[in-house]
1. From the set of residues in the range A:36-51 that are farther than 23 Å from A:Gly148 by Cα and over 14 Å from the mean Cα position of the chain (by Cα), which is surrounded by the fewest Cβ atoms within 10 Å (Cβ to Cβ)?
2. Open to solvent by 60 Å² or more (accessible area, probe 1.4 Å), modelled with pLDDT of 90 or more and more than 9 Å from chain A (Cβ to nearest Cβ): is that true of B:Val25 in this structure?
3. Could you list all residues from the range A:56-73 that are without any contact (Cβ under 8 Å) to a residue 24 or more places away in the chain and either more than 7 Å from chain B (Cβ to nearest Cβ) or more than 29 Å from A:Leu24 (Cβ to Cβ) (or both)?
4. Among the residues of the range A:55-93, which ones are part of a strand (DSSP E or B) and open to solvent by 30 Å² or more (accessible area, probe 1.4 Å)?
5. Filter the range A:9-38 down to residues that are under 14 Å from A:Trp59 (Cα atoms) and free of Cβ contacts under 8 Å to residues at least 24 places away in the same chain, then give me how many there are.
6. Being in contact with a helix residue (DSSP H, G or I) (Cβ under 9 Å, 6 or more places away or on another chain) and either over 30 Å from A:Ala89 (Cβ atoms) or more than 9 Å from chain A (Cβ to nearest Cβ) (or both), is that true of even one residue in the range B:52-64?
7. Name, by its number, the condition in (1) open to solvent by 40 Å² or more (accessible area, probe 1.4 Å); (2) in contact (Cβ under 8 Å) with a residue 12 or more places away in the chain; (3) out of contact with any strand residue (DSSP E or B) (no Cβ under 7 Å at 6 or more places or on another chain) that does not hold for A:Tyr149.
8. Looking at the range A:1-35, which of its residues are farther than 19 Å from A:Thr106 by Cα, in a loop (DSSP other than H, G, I, E, B) and either open to solvent by 50 Å² or more (accessible area, probe 1.4 Å) or touching an Asp or Glu at 6+ places or on another chain (Cβ under 9 Å) (or both)?
Amino acid sequence: MFSPALVTQTSGPRRIETFNSGVLQVTADNIVELVEPLPGLGPDREFLVYRTQPGALSWWQSTTRKELALCCLEPFVAGLDPDIVIEPAHAEAVGANGPEDIAVFTIVVLEQDASQTRTNLRAPILVGLSSRKALQVVLDDSRLPVKGYLAELVARAVKG
Amino acid sequence: MLILARKAGETLVIDGDIVITVLEVGRSGQVRLGIDAPRKHRILRGELLDEVSAENRGAAVLPAIIPDLDGILSRLPPSPRDKA
């Protein structure tokens, strides 16, 4: 069953070099396999998912290229509750048994100016918890932003 | 690239199960297409995929100092789904 590794508590037979937390010893449960590579990022399909602290943010580290790492957010875990609707075809593509068997991540573009940091709600990465397969899908809903500025999304969510 | 000329009402068939129909060619040059394909095929506007690819590439360029996102997210009320 997929679960992100927490750097202070990792143990396992696989050693993966990360860009910011040294070499982590992890298990297969901490690793996802992309059904298709992430658009624009080359052929990498296997990523270690880990957190440096508990919460909604995680790092996706390519297991084959130390220099390829992404910050990701679990928008539902964070409390943003976006209107993301997962289609049956998407759930099937990641081998999920149902909506409860899917974790939703969105890729975060980090900027030095935190107010410019944003996340792509229009193209979330779906992870089948049982299968550990993942896929970045592009949703039909044009109300979901490709560039969702985190500060604005949070302000909107707090406002309710 | 395979280049074919089609008129309104004519079709293209790809792999036997994807059918693209030219519905209308507008005077402005806009072409309306109808696409019949099994659900396993994901159909996207090219410019949207380009935008997603560009954002992904931007995400892979990490700033020298990682901004404090926890500070931004901490304003959100705790979610029942929050987990370690």
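1. Top of the filtered list is A:Pro43.
2. Working: open to solvent by 60 Å² or more (accessible area, probe 1.4 Å): yes; modelled with pLDDT of 90 or more: yes; more than 9 Å from chain A (Cβ to nearest Cβ): yes.
Yes; evaluated as a whole, the condition is true for this residue.
3. Step one: of the range A:56-73, the residues without any contact (Cβ under 8 Å) to a residue 24 or more places away in the chain are A:56, A:62, A:64-65.
Across the range A:56-73, the qualifying residues are A:Ser62, A:Thr64, A:Arg65.
4. Keep residues of the range A:55-93 that are part of a strand (DSSP E or B), which gives A:57-62, A:69-73.
Of everything in the range A:55-93, just one residue is part of a strand (DSSP E or B) and open to solvent by 30 Å² or more (accessible area, probe 1.4 Å), namely A:Leu57.
5. Total satisfying the criteria: 2.
6. Step one: filter the range B:52-64 for residues in contact with a helix residue (DSSP H, G or I) (Cβ under 9 Å, 6 or more places away or on another chain), giving none.
No, there is no match, as no residue in the range B:52-64 is in contact with a helix residue (DSSP H, G or I) (Cβ under 9 Å, 6 or more places away or on another chain) and either over 30 Å from A:Ala89 (Cβ atoms) or more than 9 Å from chain A (Cβ to nearest Cβ) (or both).
7. So A:Tyr149 meets the others, but not (3).
8. First pass over the range A:1-35, keeping only residues farther than 19 Å from A:Thr106 by Cα: A:1, A:7-29.
With the extra rule that they be in a loop (DSSP other than H, G, I, E, B), the set shrinks to A:1, A:10-13, A:18-22, A:27.
Passing the criteria: A:Met1, A:Ser11, A:Gly12, A:Pro13, A:Phe19, A:Asn20.
The values are calculated or read from the model by the stated rules, or taken from the named source; none is laboratory data. Predicted model, so just to flag it, every value in this text is computed and none were measured. A quick note on method: Cβ atoms are made from the backbone with ideal geometry, for glycine too, and the neighbour counts reach across all protein chains shown. When the accessible area is computed, the model is the full protein with side chains, heavy atoms only, and any ligands, DNA or RNA have been set aside. Shrake-Rupley method; radii C 1.70, N 1.55, O 1.52, S 1.80 Å.
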